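What follows is a set of notes on a single structure, which appears directly below.
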Amino acid sequence: MKTLNQLIGDYTCHLQQGEIQLAYKGILEFMGKLRADFVKRYPHYDTSSIYQGYMDMSYFSLSTKSLKDKGLKLAIVYLHEKGQFEVWLSARNREISKRYEPVFSGKSFDGITTFHDENNLDAIIEYTLIAAPNFEDQDILTDIIGEGVEEFITAVSNLLIS
């Protein structure tokens, strides 16, 4: 295993090439545009600011009144290492999360395939919105993410009602 100095040396070398900064900036600019689109298209959602992350994930959260009343919210997440977008159902705190885990565990979700990564303590369930996003056509990418989030919200809401 490399020492911290070796890791930082490698990191510095990669940064000096300039591509990592451009890619990271492009991801965050897209996240900003995506968030602005959600605010415009879905004014009834509470939309948070963007969490830039530590090059692991970047996200912003959304909440409907009914989710918020239950202490729940959604996170639109870009996972840097996987290079994909997911939407997560999360809770305000771990206690609320534990209360809702049995509600969603092993349930059918209106035809969408959800999962839960046991190592992800921030989510009750997750749904992959797009595994290989095309950042070159951001309008289509925004539409795909928006439609997937809407499907997810509908499925989650339907399960909470039943």
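The values are calculated or read from the model by the stated rules, or taken from the named source; none is laboratory data. This structure is a prediction, so every number in the text was calculated from the model and none was measured. Positions of Cβ are generated from backbone atoms using ideal geometry, with glycine treated the same way; all protein chains shown enter the neighbour counts. Keep in mind that these areas ignore ligands, DNA and RNA; they rest on the heavy atoms of the full protein, side chains included. Shrake-Rupley method; radii C 1.70, N 1.55, O 1.52, S 1.80 Å.
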Looking at T142, T154, which is the one that is touching a residue at least 40 places away in the same chain (Cβ under 8 Å), among the β-branched types (V, I, T) and farther than 17 Å from W88 by Cβ? T142
When you scan the stretch 93-109, do you find a residue that is under 14 Å from the mean Cα position of the chain (by Cα), on the phi < 0 side of the Ramachandran plot and outside any loop (DSSP other than H, G, I, E, B), even just one? no
L129: passes all of (1) part of a loop (DSSP other than H, G, I, E, B); (2) under 15 Å from L79 (Cβ atoms) but (1)
Any residue at all in the stretch 116-131 that is open to solvent by less than 20 Å² (accessible area, probe 1.4 Å) and on the phi > 0 side of the Ramachandran plot? no
